[in-house]
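Participant: Let me begin by handing over the structure; questions about it come next.
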Amino acid sequence: MGLLKITNGILITPYRLIRGGTLVIQDGLIVGVHEREVDVPDATELDAGGRYIAPGFIDIHVHGGGGCDFMDGTEAAFLTIAELHARYGTTSLVPTTLTAEKEDLFKTLDAFEQARRNNPRGANLLGMHLEGPYLAQSQRGAQDPRYIRNPDPREYEEILAYSSSIVRWSAAPELPGAIPFGRRLREKGILAAVAHTDAIYEEVLLAYEAGYSLATHLYSCMSGVTRRNAYRYAGVVESAFLLDMDVEIIADGVHLPPPLLKLVYKIKGADRTALITDAMRAAGMPEGESTLGSQKNGLKVIVEDGVAKLPDRTAFAGSVATTNRLVRNMVQMADVSLPDAVRMASTTPARIMGVDNRKGTLAVGKDADIVIFDDQLTIHSTIVGGELVHSTTDKYQVTT
């Protein structure tokens, strides 16, 4: 859109709310954040209609949406998912895999490269997140047990050599070989995260020292306090609270009830907590039967009550959340202020992924990734790199 001026809204900056402020965008970057309306000759003008203007949401753990999963391994699936989540305020995301055969993983990595080259009309693709296959069988959740295994340097070195697009890898730190694996990821500048794990504090501490700095979907598929031979041991949940680790939570209102959302916020705060959807292919789709993972060999699930469940309904099998729902739930269920909830969906995940120099806040020089929403967190506009990729044009006007 070239030169764009957004007016008549409430700007959510890192420090305060600016009512009646003006945001100016040029060539994909934010070039002005003003406390009042300013004259910008030759600019396209977008009237926010008194709604909130916030930095775009960044989802660092997402598997699918719009009827597609990244494990489908096609460029079309990547583009569909990126467009679907942009409609709900996501301007950047980190596509996430499931445990799989190595050939299927390579196919997904290839599809990521194809999709990113074609500059999808949707959320930015920041890089790939490999969730597994180095997970604990006892905490596998809905991950396919056939493909779960211990870290093998011959295998992970081959994967690392195959693709430079991997920016994050989640693993269980108690597995044989997991500590040197974490060190190797740190050498490569890849975020190492603890996930699907039965580790105790002493094992998490070793992992933290080796480079594991994030707890993947806190509480979900990880140990809490356990007893061994009558003695109590702190689990991964308590370790994440004690150590200076970042945490991510599925704030869909189902995986974690309001008391746990409040507890995480009280202990870790907005600066250490990232909101994630962990969404599977049914996000943005009607409830009913669906598939977790690829259509070829994925797990059949039932979507009801706002979550995916195993067919026998004994456990959850994935989230169908969108990012605006996460922010809304933190405000309405966890009594978090709107600026802090937005921070957890933008500023904090940007820092965790190392892109906070260009994303995550409304500040001059940052990428023009913007979301406009109302009091109910209904998304009215999503702007990615200065381009309007989603809008409800009947609700406000764009003028020149």
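Participant: Considering only the stretch 23-69, state which residues are among the charged types (D, E, K, R) and in a strand (DSSP E or B).
Facilitator: If the condition is that a residue be among the charged types (D, E, K, R) and in a strand (DSSP E or B), then Glu45, Asp47, Asp59, Asp69 are the ones that fit.
Participant: For the stretch 214-230, enumerate the residues that are at pLDDT 95 or above and out of contact with any helix residue (DSSP H, G or I) (no Cβ under 8 Å at 6 or more places or on another chain).
Facilitator: Thr216, His217, Ser220
Participant: Which ones in the stretch 1-28 are closer than 18 Å to Gly386 by Cα, among the hydrophobic types (A, V, I, L, M, F, W, C) and in contact with a Lys or Arg (Cβ under 7 Å, 6 or more places away or on another chain)?
Facilitator: Within the stretch 1-28, just Val24 meets the criteria.
Participant: Further, regarding this structure: Can you name every residue in the stretch 57-80 that is buried (at least 24 other Cβ atoms within 10 Å of the Cβ), touching a Pro at 6+ places or on another chain (Cβ under 9 Å) and free of Cβ contacts under 8 Å to residues at least 60 places away in the same chain?
Facilitator: Those that are buried (at least 24 other Cβ atoms within 10 Å of the Cβ), touching a Pro at 6+ places or on another chain (Cβ under 9 Å) and free of Cβ contacts under 8 Å to residues at least 60 places away in the same chain: Phe70, Phe78.
Participant: Scan the stretch 296-308 for residues that are over 22 Å from the mean Cα position of the chain (by Cα) and not in a strand (DSSP E or B) and report the count.
Facilitator: Result for the stretch 296-308: 2.
Participant: When only residues in the stretch 334-365 that are of a type in the set (D, E, K, R) and more than 24 Å from His129 (Cα to Cα) count, which is nearest to the chain's Cα centre (by Cα)?
Facilitator: Of all residues in the stretch 334-365, those of a type in the set (D, E, K, R) come to 335, 340, 343, 351, 356, 358-359.
Checking the rest, the ones that are also more than 24 Å from His129 (Cα to Cα) come to 335, 340.
On the way: Asp335: 21, Asp340: 16 Å.
Residue satisfying both the conditions and the ranking: Asp340.
Participant: Keeping to the stretch 306-343, report how many residues are farther than 19 Å from Leu260 by Cα and either not assigned by TED's automatic domain parsing to the domain that holds Thr90 or not small (Gly, Ala, Ser) (or both).
Facilitator: Number satisfying all stated conditions: 10.
Participant: Another question, then. Restricting the search to the stretch 33-46, which residues are surrounded by fewer than 16 Cβ atoms within 10 Å (Cβ to Cβ) and touching a residue at least 12 places away in the same chain (Cβ under 8 Å)?
Facilitator: Result: Glu35, Arg36, Glu37, Val38, Asp42.
Participant: Another question, then. Specify which of the listed residues (Val303, Val307) is under 29 Å from Thr74 (Cα atoms), in contact with a strand residue (DSSP E or B) (Cβ under 6 Å, 6 or more places away or on another chain), of a type in the set (A, V, I, L, M, F, W, C) and without any contact (Cβ under 8 Å) to a residue 40 or more places away in the chain.
Facilitator: The conditions single out Val303.
Participant: On the basis of being over 15 Å from the mean Cα position of the chain (by Cα), outside any helix (DSSP H, G or I) and among the small types (Gly, Ala, Ser), does Ala100 make the cut? Steps first, please.
Facilitator: On the way: over 15 Å from the mean Cα position of the chain (by Cα): yes; outside any helix (DSSP H, G or I): yes; among the small types (Gly, Ala, Ser): yes.
Yes: the conditions hold for Ala100.
Participant: Any residue at all in the stretch 21-39 that's at pLDDT below 95 and among the basic types (Lys, Arg)?
Facilitator: Checked the stretch 21-39: at least one residue is at pLDDT below 95 and among the basic types (Lys, Arg).
Participant: Counting only residues that are out of contact with any helix residue (DSSP H, G or I) (no Cβ under 9 Å at 6 or more places or on another chain) and crowded, with 24+ Cβ neighbours inside 10 Å, which one in the stretch 318-345 is nearest to Ala82 (Cα to Cα)?
Facilitator: Out of the qualifying residues, it is Val320.
Participant: Still on this structure: So is Ala43 touching a strand residue (DSSP E or B) at 6+ places or on another chain (Cβ under 9 Å) and at pLDDT below 95 or not? Even if it seems obvious, please write down each step before you answer.
Facilitator: On the way: touching a strand residue (DSSP E or B) at 6+ places or on another chain (Cβ under 9 Å): yes; at pLDDT below 95: yes.
When the stated conditions are applied, Ala43 passes them.
Participant: Same structure again: Against the condition assigned to a strand (DSSP E or B), crowded, with 19+ Cβ neighbours inside 10 Å and either on the phi > 0 side of the Ramachandran plot or outside the structural domain of Ala341 (by TED's automatic domain parsing) (or both), how does Gly20 come out, does it pass?
Facilitator: No.
Participant: Go through the stretch 243-263 residue by residue and tally those that are of a type outside the set (D, E, K, R) and farther than 20 Å from Ala171 by Cβ.
Facilitator: Final tally of qualifying residues: 11.
Participant: Right, here's the next one. Residues that are outside any helix (DSSP H, G or I) and under 18 Å from the mean Cα position of the chain (by Cα): does the stretch 157-166 have at least one? Let's see the steps before the verdict.
Facilitator: At the first step, the residues of the stretch 157-166 found to be outside any helix (DSSP H, G or I) are 163-166.
Next, only the ones that are under 18 Å from the mean Cα position of the chain (by Cα) stay: 165-166.
Yes, the stretch 157-166 contains a residue that is outside any helix (DSSP H, G or I) and under 18 Å from the mean Cα position of the chain (by Cα).
Participant: Ok, one more. Testing Leu377 on (1) at positive phi; (2) out of contact with any Gly (no Cβ under 9 Å at 6 or more places or on another chain); (3) not assigned by TED's automatic domain parsing to the domain that holds Val247, one condition comes back false. Which one is that?
Facilitator: Single failed check for Leu377: (2).
Participant: Within the stretch 172-195, work out how many residues are part of a helix (DSSP H, G or I) and within 25 Å of Asp271 (Cβ to Cβ). Step through it out loud before you land on a result.
Facilitator: Let us first name the residues in the stretch 172-195 that are part of a helix (DSSP H, G or I), namely 178-188.
Right, trim to within 25 Å of Asp271 (Cβ to Cβ) and you get 182, 185-186.
Counting residues in the stretch 172-195 that are part of a helix (DSSP H, G or I) and within 25 Å of Asp271 (Cβ to Cβ) gives 3.
Participant: Another question about this same structure. Quick check on the stretch 196-207. Is at least one of its residues in a helix (DSSP H, G or I), within 30 Å of Val342 (Cβ to Cβ) and without any contact (Cβ under 8 Å) to a residue 24 or more places away in the chain?
Facilitator: Taking every residue of the stretch 196-207 in turn, none turns out to be in a helix (DSSP H, G or I), within 30 Å of Val342 (Cβ to Cβ) and without any contact (Cβ under 8 Å) to a residue 24 or more places away in the chain.
Participant: Restricting attention to the stretch 328-348, report how many residues are part of a helix (DSSP H, G or I) and under 15 Å from Val264 (Cβ atoms).
Facilitator: Number of matching residues: 9.
The values are calculated or read from the model by the stated rules, or taken from the named source; none is laboratory data. Everything numeric in this text was worked out from a predicted model, so none of it was measured. So basically every Cβ, Gly included, is an ideal-geometry build from the backbone, and we count neighbours across all protein chains shown.
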